[in-house]
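A.B. asks: Structure in structure tokens, see below.
Values quoted throughout were computed directly from the atomic coordinates according to the rules given, and no laboratory measurement underlies them. Given the structure is predicted, the values throughout are model-derived calculations rather than measurements. Positions of Cβ are backbone-derived with ideal geometry, glycine not excepted, and every protein chain shown enters the neighbour counts.
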Amino acid sequence: MNSFTQSTSFFGGSNPEELARSFGTPLYVYNEAILRDRMRHMQGLIRSVPFTANYSIKTNSNLTLLRIALEEGLSADAMSPGEIEFLLRAGFPQERIFYVANNVSDEELRFAIDRGIMTSLDSVSQLERFGRLNPNGKCALRLNPGVGAGHHEKVITAGKKTKFAIAQEDIDHAKIVANKYNLKIVGVNQHIGSLFMDATPYLQAIENFLQLAKGFEDLEFVDFGGGFGIPYRKLSGEKTLDIDATSKALDHICEQFAKEYGKPIVFKIEPGRYIAAESCVLIGRVHSLKQNAGVHYVGTDIGMNVLVRPSMYGSWHDIEVYRDGEVLSSDDQTAIYTVVGNICETGDILAKDRTLPIVRENDLLVVLDAGAYGYCMSSNYNNRLKAAEVMIGTDGLPQLIRRRQTLEDLFREFPGF
Ligand SMILES: *Cc1c(COP(=O)(O)O)cnc(C)c1O
């Protein structure tokens, strides 16, 4: 079987054509069973020591997903007051929220302090602000372990070329500032980048990071960050991250550290993509076919406003083609296509020079692995409306979990119109 959606019964008792007719396109479709499965992988990653997985909600903050994360026992990371508010609204208690702040205002820090939410500061200057606002308080520091990793220069968030975290040489200064305000540093965290398929750089960064962590006396937790990758080229056989091997290595490292540190300590991770990406596909309709200078274009309603990753990072998403509710086999006759959207930008390209079964007008394209950095990065560019989101429940039935935007939603932002 070379169809991911078929082999996983992704659409339950439905098919993309029925979903497209009921809910319109473009449409984000989630599969609850896959989502819960990935959450459990992350929850079970470390077993030898006290451990929690924090779902990084910037990946996908649909309230239904957040509620499922809560049910599955995950904690959560927030990057902004908006994300904190979503978590509280979804039912997360404040002690299960971790605010990883980057270059934020006093007002934003105050927002977290007032709600009793643990906050990580990622520069000495932010620590100073936090100290002025919350003397005698507790906080965490985001440290740079000196090693980065990721699928693109833009998503590597440690090492030398990054705006994030406190460098090793600034740690002493940070401690002086913490002392000045009698702040207790109870946690240290890192996040080295996004989408590693080989855990070696991650484990290397953790070793460096734990060396730095030893220099703090009052730690209650250490947090290794996210970045766990998923196979975006699964249709051509790309393997998943070796979770068992990663888990074993982490168990060992953590046990060792817990012994040396000598005080009770909780270990944390911050996965985003791994949890959400594979649980979701994006369905769009083919509205036109064209040949220009030898290139065959497939014109769809999946513009860069709907899914920006390909045009922003050059990311690859596998695509399946459905006709009348049935998936076309990649063993059938194929052609090379450039798949584009309906946005007025030449860069509005979903997939370049892609081999697909012969495509016809009105076919549906099912874009895989769209659950992470998909909907949340979508925009109203060209005054297009944001898509709807549907979840196939464990009962196999589709349920609307976010309605499609309306033009009225856009007008609502303008006073007097
Ligand atoms: C983005 C981010 C994450 C999640 O990254 P993934 O690659 O989606 O796992 C975790 N922690 C921090 C601080 C982040 O900025």
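A.B. asks: With the crude spin-label approximation of a point 7 Å out along Cα→Cβ, what separation in nm comes out for Asn362 versus Glu326?
C.D. replies: A separation of 1.6 nm, rounded to one decimal place.
A.B. asks: Can I ask one more? Please tell me the relative contact order of the chain in percent, rounded to the nearest whole number, where contacts are Cα pairs under 8 Å and at least six residues apart.
C.D. replies: Relative contact order, the chain: 21 percent.
A.B. asks: Moving to a separate point now. Give me the one-decimal nm value for the distance between modelled label points at Thr346 and Phe417, 7 Å along each residue's Cα-to-Cβ direction.
C.D. replies: It is 3.0 nm.
A.B. asks: To the nearest 10 degrees, how steeply does helix 171-180 sit against the main Cα axis of the chain, on a 0 to 90 scale?
C.D. replies: 60
A.B. asks: Relative contact order (percent) for the range 193-278, with alpha-carbon contacts under 8 angstrom and 6 or more residues of separation?
C.D. replies: Rounded, it is 43 percent for the range 193-278.
A.B. asks: Going 7 Å from the Cα of Asp37 in the Cα-to-Cβ direction, what parts of the range 348-370 have a backbone nitrogen less than 17 Å from that spot?
C.D. replies: Flagged as within label range: 368-370.
A.B. asks: For an R0 of 51 angstrom, estimate the FRET efficiency from the Cβ-Cβ distance between Leu133 and Glu71 and round to the nearest 0.05.
C.D. replies: With R0 = 51 Å, the Cβ-Cβ based efficiency is 0.90.
A.B. asks: Which of the pairs Lys239/Lys259; Lys180/Lys248; Lys268/Lys386; Lys239/Lys268; Lys163/Lys234; Lys58/Lys263 have their Cα atoms more than 30 Å apart in this structure?
C.D. replies: Too far apart for the 30 Å limit: Lys239/Lys259; Lys180/Lys248; Lys268/Lys386; Lys163/Lys234; Lys58/Lys263.
A.B. asks: Here's another thing I want to ask about it. Calculate the spin-label point distance for Glu408 paired with Asn292, positioning each point 7 Å from the Cα along the beta-carbon direction, and give it in nanometres.
C.D. replies: 3.7
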